[in-house]
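This report refers to the structure that appears directly beneath it.
The values are calculated or read from the model by the stated rules, or taken from the named source; none is laboratory data. If you're wondering where the values come from, they're calculated on a predicted model, not measured in any experiment. Using ideal geometry, Cβ is built from the backbone for each residue, glycine included, and neighbour counts are taken over all protein chains shown. In case anyone asks, the SASA skips ligands and DNA or RNA and just uses the protein heavy atoms, side chains included. Shrake-Rupley method; radii C 1.70, N 1.55, O 1.52, S 1.80 Å.
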Amino acid sequence: MLKKTNKELIKNEGFTLIELVISLTIIAVLSTIGIAAFVNQSRTSALQSGVSDFVSTLNVAKSRAMSQVKPSICVGDLEGYTVTVV
């Protein structure tokens with residue numbers, strides 16, 4: 001009863017090297033896709049933010065020009081507003 005057969009001795013629990021390599025490969029591929037998507041989303045977000053700021057600046061200039069609000073630094077007649085893009 002104390003003797004173990006060969007089948008019982010060969011039974012080992014754990015992962016084989018091939019299983020680990022396949023798992024790590026899948027994780028690497030998914031990570032690469034995730035990082036690429038994050039970088040793309042970050043660039044798109046930065047572009048949208050810049051466009052939003054620019055449109056906001058143009059709308060402020062438009063509303064001030066239509067209301068004929070004269071800035072305090074303006075001496076003389078106000079001939080209009082200009083928007084300078086740097």
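The table for this structure:
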item	result
Test: residue in the stretch 32-49 that is assigned to a helix (DSSP H, G or I) and among the basic types (Lys, Arg)	yes
Among the candidates Leu17, Leu78, Leu47, residue that is at pLDDT 80 or above and surrounded by 10 or more Cβ atoms within 10 Å (Cβ to Cβ)	Leu47
When residues of the stretch 60-71 are limited to those that are open to solvent by 90 Å² or more (accessible area, probe 1.4 Å) and in a helix (DSSP H, G or I), the one farthest from Val86 (Cα to Cα)	Met66
